[in-house]
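The values are calculated or read from the model by the stated rules, or taken from the named source; none is laboratory data. A quick note: this is a predicted structure, and the numbers were derived from the prediction, not measured. Neighbour counts are summed over all protein chains in view; Cβ atoms, including those assigned to glycine, are modelled from backbone coordinates with ideal geometry.
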Amino acid sequence: MPFFDRLFSKSFSTVLHITSGNGFHLRPAAAFAAEAKKFAAVIEARTHGRSINAKSLNALLSLNLEKGDHFELTCKGKDSREALETLSRKFDILMSNDHEAVRIDKETGAYEGESIEGEIISGGMALSPLWHYTEETIRTQSTTSFTEAVAKSISELEQIYKAHKTDADSGIYLAQKELLASLQQNVTSLEMLEEAVEKAGRELKGGILETRHDDYRDILQRVKMHLGYTTVTAYPQRPFILLADDLLPSRIETLPQNTAGVILRNTSLTSHTAILLRASGIPSLIINTFSMKGKEPDEIILDGHRGIVVIDPTPADIHQAKIRIENDRKNEQTAQSRRFESAVTTSGDTIKVLANVTDVTSAQLAREEGAEGIGLLRTEFLFKEEKPTFEAQVEAYRSIFSLFEEVTVRTLDIGGDKALPYITLPPESNPFLGIRGVRLLKTHPELLEEQMYAIFTAAKGKSVKIMFPMISTVKEFEEAKAFALDVAKKYHLNLDHIEFGIMVEVPSVLFLITHFNDVVDFYSIGTNDLNQYLFATERTHATLKLDPRSEALFAAIKKIVDEAEKPISICGELAGDTKAIGKLIEIGVRRLSVSARNIAQTKETIRNV
């Protein structure tokens, strides 16, 4: 933009508040900076007398913003008003979506030997020698230039992201890619990159984002690898429990199979290293004060159920640990070996276990894990980054429909804490109570028409259930179903094989069940949203905490079960909560829809009810 255009063009500003307990860390900041880059306007963030370019991820992170902080966002020049509105909405969604790490409930119990308590990253048990992590860097000649090394690293991170796109932790790789791209703008040599990484460490030190310096070090190491620097670690041949101050996120995927457990001193539950350890399933703890006194024993116990490490176990402790490890192994083995069998309670009730899926890959995994159908196909994930063509939608739906006899498709559910980059919703003071779910019919009917057409075309005579989200009245459902029937009529499609139902997540439905019985074919209870609306508390709120097993929620579910005359399933997180399954069955729930990874364990839990 020419100088005088910038000087005299109107600017728009607003103040944005950090509400996430995790602070404005790498992943949300990366998404924010990427959104800002789409606009021609000059976009700045100002706080504590300092102003930075909000299109630079590195600059945003340097502000080290924690919960309770705020910054002034200013957009100036071409498309500045649109930029401010879009970025404000994007920021609110990022804050709402940024879940704090859930602390795993610790089991009670004690050991005879001396133990140290920590925070649980990932549950499980390990009984092995302690091994102190060490690494060595070896340098070889390389003809790759610094610019080429950066380009290769960015390409690698993009490829890793695409390969893990459906994983909950995939955003880590995309954020690291954006971070390297941001740093690339101001560095032209390895020495300059190393200096930038050191500077970031100094700026983040002491704040909630300090552990995010690992991502800087990680991308530096990736670039150095292409310049001939190789990091070598001589892991033990036998099972071991790894002890380190910290590990780079990229190290987690290279840990050998004989890594029995991990103890880290200097990380946090929200660090990317912790997130990846959690995904790996390796029993892991954070113990800031961990140290061994005197001669190390042949074996130590890492108890990820109780959140402790027994550094001087007695023979009785070792015996106890071996029994638990064997029981855990047998339980997992039994669950896996019986995952294709029906889940029948001790009293003879058969509970159908379905899967929550997002795309073809997760649907295939669900089938491999023993799902008896799809209880929730979240279609918004098919639309996530760019609007899919009609043909792409049909292909995706058809591939998923071919895997199961029973498939329940939820129509596009955006708004509130869910957003799509190519859909602009009107600004709302409370998005959770505005245009969400089925209410999208009022603002974007053409989008839902194409989706309905694609679903009907892909079904092609196969029985498919269509579920409308955020229904609050019978009239809303009737209008949504009429819309679907009109789409079928327009394209000359037969819907005799299609059933229509609703997500039960708005409390008003609880008092209208007897009326809904006359018009719906089935119900699916979305416990996540239902719980937050029951308590008027946003489920991702940084300060207010929702009880996921509240008595009010169970009472609401019981009311639905007692009054509904059509099939009911539960597709919220409560369905896969092993501590809640028994009560759900006692209430009368006979269909549970859970994530693919939880299917085998959910079935095994049911068999013990």
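So here's what we get for this one:
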{"quantity": "Residues of segment 492-506 that turn out to be touching a helix residue (DSSP H, G or I) at 6+ places or on another chain (Cβ under 8 Å) and either at pLDDT 95 or above or surrounded by 20 or more Cβ atoms within 10 Å (Cβ to Cβ) (or both), as a count", "calculated": "7"}
{"quantity": "Selection count, segment 39-53, where residues are touching a residue at least 24 places away in the same chain (Cβ under 8 Å) and not in a strand (DSSP E or B)", "calculated": "3"}
{"quantity": "Counted residues, segment 568-596 - those being acidic (Asp, Glu), outside any loop (DSSP other than H, G, I, E, B) and within 23 Å of ILE104 (Cβ to Cβ)", "calculated": "1"}
{"quantity": "Strands (runs of 3 or more DSSP E) contained in segment 249-319 and holding at least 2 residues in contact (Cβ under 8 Å) with a residue 60 or more places away in the chain and farther than 13 Å from SER128 by Cβ", "calculated": "284-286"}
{"quantity": "Matching option when the condition is buried (at least 20 other Cβ atoms within 10 Å of the Cβ), more than 26 Å from the chain's Cα centre (by Cα) and farther than 25 Å from VAL594 by Cβ, among ASP312, ASP317", "calculated": "ASP317"}
{"quantity": "Residue among ALA83, ALA29 that alone is farther than 20 Å from LEU209 by Cα, part of a helix (DSSP H, G or I) and at pLDDT 90 or above", "calculated": "ALA83"}
{"quantity": "Enumeration of residues in segment 54-64 that are out of contact with any Ser or Thr (no Cβ under 6 Å at 6 or more places or on another chain), in contact (Cβ under 8 Å) with a residue 60 or more places away in the chain and not hydroxyl-bearing (Ser, Thr, Tyr)", "calculated": "ALA59, LEU61, ASN64"}
{"quantity": "Residue ID - surrounded by the fewest Cβ atoms within 10 Å (Cβ to Cβ), chosen from residues in segment 549-567 that are touching a residue at least 24 places away in the same chain (Cβ under 8 Å) and assigned to a loop (DSSP other than H, G, I, E, B)", "calculated": "GLU565"}
{"quantity": "Yes/no for ALA234 being more than 20 Å from LEU174 (Cβ to Cβ) and out of contact with any Ser or Thr (no Cβ under 8 Å at 6 or more places or on another chain)", "calculated": "no"}
{"quantity": "Residue check for MET95: aliphatic (A, V, I, L, M), crowded, with 17+ Cβ neighbours inside 10 Å and either within 30 Å of THR14 (Cα to Cα) or free of Cβ contacts under 8 Å to residues at least 40 places away in the same chain (or both)", "calculated": "yes"}
{"quantity": "Scope segment 452-483; condition crowded, with 22+ Cβ neighbours inside 10 Å, over 21 Å from VAL509 (Cα atoms) and in contact with a Leu (Cβ under 8 Å, 6 or more places away or on another chain); matching residues", "calculated": "PHE456"}
{"quantity": "Hits in segment 259-290 - residues which are among the polar types (S, T, N, Q), modelled with pLDDT of 95 or more and either at positive phi or surrounded by fewer than 24 Cβ atoms within 10 Å (Cβ to Cβ) (or both)", "calculated": "THR259"}
{"quantity": "Cβ pairs under 7 Å, 6+ apart, first in segment 586-609 and more than 25 Å from PHE522 (Cα to Cα), second assigned to a strand (DSSP E or B)", "calculated": "ARG607/ALA343; ARG607/VAL344"}
{"quantity": "Checking ASP215 against (1) within 22 Å of THR137 (Cα to Cα); (2) free of Cβ contacts under 8 Å to residues at least 60 places away in the same chain; (3) of a type in the set (Asp, Glu), the condition it does not meet", "calculated": "(2)"}
